[in-house]
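The block underneath contains the structure these notes are about, expressed in structure tokens.
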Amino acid sequence: MEDCIFCRIIAGDIPSTKIYEDDDVVAFLDLTQTTKGHTLLVPKQHARNILAMRPEDAALLFSKVPLIANKLVHKLQAKGINILQNNEEIAGQTIFHTHVHLIPRYDDNDGFIGKFTPHDYDLAEIAAQINKD
């Protein structure tokens, strides 16, 4: 898609700082660098998000996550890593080409805040709703 920034990066029309590339995916440093080494792993085949991907294409994308995560953690001496994937605007997706964020973590004040707020939902009711035909 010519209006997709990631498709243009993949095509070489827009420069990026690549740390990995093969026939199916490319990984490059995010311009925002939430933390040092913040990387985007992007499939070369355009899909709006994970909801629009074929399972086998999603499996191929996610099969590269451990490789990139280990590279970032070990080469940058990170203490851990957050791996995020946002789908649709409500979930924080701003570029509508599937991608995975790999965010190395160094300490509690490294610039990334990923906190979950607990809620008191009825788990059995939710499971029944999900599994209903």
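The values are calculated or read from the model by the stated rules, or taken from the named source; none is laboratory data. This is a predicted model, so every value here is computed, not measured. Here Cβ is always computed from backbone atoms with ideal geometry, including for glycine, and neighbour counts include all displayed protein chains.
Which condition number does T34 fail, the rest of (1) over 14 Å from the mean Cα position of the chain (by Cα); (2) closer than 20 Å to G111 by Cβ; (3) modelled with pLDDT under 95 being met?
Unmet for T34, out of (1) over 14 Å from the mean Cα position of the chain (by Cα); (2) closer than 20 Å to G111 by Cβ; (3) modelled with pLDDT under 95: (1).
Does K71 qualify as being modelled with pLDDT of 95 or more, assigned to a helix (DSSP H, G or I), surrounded by 13 or more Cβ atoms within 10 Å (Cβ to Cβ) and charged (D, E, K, R)?
yes
Considering only residues that are part of a loop (DSSP other than H, G, I, E, B), out of contact with any Cys (no Cβ under 9 Å at 6 or more places or on another chain), hydrophobic (A, V, I, L, M, F, W, C) and touching a residue at least 12 places away in the same chain (Cβ under 8 Å), which ones fall in region 1-59?
Matches in region 1-59: C4, A47, M53.
Taking L61 as the residue in question, decide whether it is surrounded by fewer than 14 Cβ atoms within 10 Å (Cβ to Cβ), touching an Asp or Glu at 6+ places or on another chain (Cβ under 8 Å) and at pLDDT 95 or above.
Here the answer is no, as L61 does not meet what is asked.
For region 78-100, check the following and say yes or no: at least one residue is in a helix (DSSP H, G or I), at pLDDT 95 or above and surrounded by 10 or more Cβ atoms within 10 Å (Cβ to Cβ).
yes
Report, by residue number, each residue of region 1-20 that is closer than 20 Å to N49 by Cα and at pLDDT 95 or above.
Result: C4, I5, F6, C7, R8, I9, I10, A11.
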